[in-house]
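Q: To start, I am sharing the structure in question, which I have written as structure tokens.
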Amino acid sequence: MARMRVVASLVAVFVTAMGTLGAAAPTAAAGTGAGVGAVSAPATAAQAPGCSVAEWQADFRACVGRLSDVGAVELGCMKAPVPGAPDSGLAGWFAAAPPSAGSGGPQGIYSQYGYAGYDYPAYDASCVPDVLNPQGAFESTVADAEFMIATAVIGASNALRERAWDPGSMWAWADPLVTHATRAIYEKVFSVFGVLTLCVVGLYLLWRSRQSDMSSAMTTAGWAVLVMVAVTALAAWPVASANLADAALTGTLGVVHDAVGPRPETATTCDSPKPDACDDKRPPAVRASDTATETMLYRNWLRGALGSADTTTARKYGRALYDAKSLTWTETQKMRTNPATRTSTIAAKQEQWNKVAAQIKTEDPEAYEYLTGVKGMERVGAGFIAVLAAILYAMFDLTASLLVLLGFLIFRWAVIAAPVLGTIGLLRPASAGIRRLANAVVAAVFNIAIFGTGAAIYLFAVDMIMGTATLPGWLQVVLVWLCGVVGWLLLRPYRRITQLGGKDSSAVVGAAGGWHRRFFRDVRDAAVLNAAVSVSHRDRDRVQLLSTDQTSLRPETRYEDTGVDAPAGPPAAPAQAPASRPETGPATQRRGPTRVAAEWSPPEPEETPTSYAVYRPDRADTTAPAPPRVRAEAS
């Protein structure tokens, strides 16, 4: 009986199991007909043959094609983001497709996508209205605003650098202006009023010749000829003159940028039969833009989208996710040329996003929470880091690019202003304007050379810092900022700007103070100056009074020895009374001040009372020596 009960129990369990499997079979069949279930799809995706990290980084499109499709049942109300254009948004105001975008070879994120895709979509949370989830919507909005500021700063820095290092594409619009303005001023101003200035120069030479000043006359004539020849040459070839300076400086800077600028990349594999098809054709400025965009924007965007930029999930699926929500320059051009391809291009991008997101949900649920916006404050923190890094990076880069652009602009304005200033500058005593113009041009040449080289070294240091994987992210940002501070301290951009106008930088800085401090300082200086002038006038009057009414006989030549008799001879004439001084009374005869020649005379020996007696045998009376007589001039 016991055996029969065991057998009956086993049969009952078997029948129950078969019934359960039979009931589940129709459900599975129905689910297969409708689409992939919520549980079966991730399992299928996990069982699909995947790519390694290196394969994802080498060709992510091929790896996306190996992922399983996501059915409509699983997607439900989830909507993939619509991809953005490279020149959209605030940063798109500065964006332009680089010439090397479609030339093949290594391409960076900026060279392909511009500034597209730097925002956070509400994926998998779109089924919940914003009214029910206001915190997540607000946090994503704040993060998007932060990335808008960061992309605008990086966009301005990249745009100015590319134009500063390539003046041919920047100043093409100014060539007609320089040509017409220079020739019009030369014909209407210099050709008419320059003749009058030459007449003044001739009269000036005649006047100097009457003074027998041959050297000054020749200098004035040579200066007039030099200015006339220089202005005429600039008016004949205005654009060529500016382009000649551009070519000389850009050639020098090109050598410096190739030597110490951002390093070109080398393609690991190349399928093209052409030998140079896979070479890096990006100019140094575009390579620097790729480095700045990837390190300052893309990595921080990954930190907010997947939680980190260095995890395996980020290194495998980060580029595929970014490509799914961003359009390349080539795709954008095709869509604008042929609008019929827009729908298919956007649908393919959205399907790619859904595939990669489903794979991330299976492999890394924590990263999927970042992707869906559950951890919204982390997105806000990533946006703040992006803004801070962009500002610290762009401080020196923007300043250097602006000074280089200002130098090239000064060349063109100098060509236009040369005929005006040269009209008066023909006369050498009135050549201050043309001299200042020449000084500004020379200062611009030095500024372009100095800051072009400094920017190349700075970008090379940034490339080395960001390419060192052992450095943490915060330390990379700090080191980039310190490199910019060192550039400011060594090159002193503000002083260079003031030197362009021929001004003293210290005077400009002092003039920036308060007006009241300058006013009282001028008052004090004027008081000290008046006191010094009054003292100098009083000393001069005293010298004049001492020099007037002097007799021809000097006091030290008088015979005043009291112990020796005067020699025999005719009686001396009575001494005349000294003339009255101007301050004591009117003088009978006033003589003008006499100029006494300055000469050195030995000091007079100090007089001491006589302490001896002279014995004279031939005289009977002897008297004691009288005290020394006090001179009139000592009283």
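Q: Suppose the filter is in a helix (DSSP H, G or I), of a type in the set (A, V, I, L, M) and closer than 20 Å to A386 by Cα; does A288 pass it?
A: When the stated conditions are applied, A288 passes them.
Q: Now for a different question. Which of the numbered conditions does S103 fail, given that it passes all the others? Conditions: (1) at pLDDT 70 or above; (2) closer than 22 Å to Q350 by Cα.
A: S103 satisfies every listed condition except (2).
Q: Separate question: What number of residues in the stretch 202-226 are open to solvent by 80 Å² or more (accessible area, probe 1.4 Å) and of a type in the set (S, T, Y)?
A: 2
Q: Among the residues of the stretch 192-201, is there at least one that is modelled with pLDDT of 80 or more, under 19 Å from I416 (Cα atoms) and open to solvent by 20 Å² or more (accessible area, probe 1.4 Å)?
A: yes
Q: Hey, among R161, R183, which residue is of a type in the set (K, R), at pLDDT 80 or above, open to solvent by less than 30 Å² (accessible area, probe 1.4 Å) and out of contact with any Lys or Arg (no Cβ under 6 Å at 6 or more places or on another chain)?
A: R161
Q: Still on this structure, I have one more. State yes or no: is A455 touching a residue at least 40 places away in the same chain (Cβ under 8 Å), in contact with an Asp or Glu (Cβ under 7 Å, 6 or more places away or on another chain), in a helix (DSSP H, G or I) and closer than 25 Å to V286 by Cβ?
A: In short, yes.
Q: Give the residue, chosen from P49, P83, P98, P42, that is open to solvent by less than 30 Å² (accessible area, probe 1.4 Å), at pLDDT below 90 and at negative phi.
A: P98
Yes/no per residue for (1) in a loop (DSSP other than H, G, I, E, B); (2) open to solvent by 10 Å² or more (accessible area, probe 1.4 Å); (3) in contact with a Pro (Cβ under 8 Å, 6 or more places away or on another chain); (4) at pLDDT 90 or above:
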| site | (1), (2), (3), (4) |
| --- | --- |
| V356 | no, no, no, yes |
| V380 | no, yes, no, yes |
| A390 | no, no, no, yes |
| L406 | no, yes, no, no |
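Q: From the set of residues in the stretch 414-443 that are under 24 Å from the mean Cα position of the chain (by Cα) and closer than 19 Å to A233 by Cβ, which is most open to solvent (accessible area, probe 1.4 Å)?
A: V442
Q: Restricting the search to the stretch 275-293, which residues are at pLDDT 70 or above and more than 20 Å from the chain's Cα centre (by Cα)?
A: Within the stretch 275-293, C278, D279, D280, K281, R282, P283 qualify.
Q: Would it be correct to say that W237 is aromatic (F, W, Y) and more than 24 Å from L405 (Cα to Cα)?
A: It is false that W237 is aromatic (F, W, Y) and more than 24 Å from L405 (Cα to Cα).
Q: Next up: Tell me, please, whether a residue that is open to solvent by less than 10 Å² (accessible area, probe 1.4 Å) and at pLDDT 85 or above can be found in the stretch 464-480.
A: Checked against the condition, which is being open to solvent by less than 10 Å² (accessible area, probe 1.4 Å) and at pLDDT 85 or above, the stretch 464-480 yields at least one hit.
Q: Sticking with this structure for a sec: Just one of (1) without any contact (Cβ under 8 Å) to a residue 60 or more places away in the chain; (2) in contact with an Asp or Glu (Cβ under 9 Å, 6 or more places away or on another chain) trips up P472, so point out which.
A: (2)
Q: Moving to a separate point now. Given the conditions (1) of a type in the set (A, V, I, L, M); (2) closer than 21 Å to Y113 by Cα; (3) surrounded by fewer than 21 Cβ atoms within 10 Å (Cβ to Cβ); (4) modelled with pLDDT of 75 or more, and given that M296 satisfies all but one, which numbered condition is not satisfied?
A: For M296, the exception is condition (3).
Q: Going by the conditions given, is F384 at negative phi, part of a helix (DSSP H, G or I), open to solvent by 10 Å² or more (accessible area, probe 1.4 Å) and touching a residue at least 24 places away in the same chain (Cβ under 8 Å)?
A: So F384 fits the description; yes.
Q: If R263 passes every condition in (1) in a helix (DSSP H, G or I); (2) of a type outside the set (D, E); (3) open to solvent by 80 Å² or more (accessible area, probe 1.4 Å) but one, which one does it miss?
A: Going through (1) in a helix (DSSP H, G or I); (2) of a type outside the set (D, E); (3) open to solvent by 80 Å² or more (accessible area, probe 1.4 Å) one by one, R263 breaks only (1).
Q: Let me ask something additional. Any residue at all in the stretch 336-346 that's within 20 Å of A382 (Cα to Cα) and in contact (Cβ under 8 Å) with a residue 60 or more places away in the chain?
A: No, the conditions are met nowhere in the stretch 336-346.
Q: Turning to a different aspect of this structure: Of everything in the stretch 394-450, what is of a type in the set (G, A, S), closer than 22 Å to Y204 by Cβ and without any contact (Cβ under 8 Å) to a residue 60 or more places away in the chain? Give them in sequence order.
A: A430, A432, G433, A438
Q: Of all the helices (runs of 4 or more DSSP H) wholly in the stretch 153-212, which have at least 1 residues that are over 23 Å from Y115 (Cα atoms), touching a residue at least 40 places away in the same chain (Cβ under 8 Å) and of a type in the set (F, W, Y)?
A: Of the helices (runs of 4 or more DSSP H) lying wholly inside the stretch 153-212, those with at least 1 residues that are over 23 Å from Y115 (Cα atoms), touching a residue at least 40 places away in the same chain (Cβ under 8 Å) and of a type in the set (F, W, Y) span 191-210.
Q: Would you confirm, using the coordinates I've provided, whether V256 is in contact with a Ser or Thr (Cβ under 9 Å, 6 or more places away or on another chain), open to solvent by 40 Å² or more (accessible area, probe 1.4 Å) and modelled with pLDDT under 85?
A: No; evaluated as a whole, the condition is false for this residue.
The values are calculated or read from the model by the stated rules, or taken from the named source; none is laboratory data. Please read all numbers here as calculations on a predicted model, not as lab measurements. Here Cβ is always computed from backbone atoms with ideal geometry, including for glycine, and neighbour counts include all displayed protein chains. Accessible surface areas use protein heavy atoms only, side chains included; no ligands, DNA or RNA. Shrake-Rupley method; radii C 1.70, N 1.55, O 1.52, S 1.80 Å.
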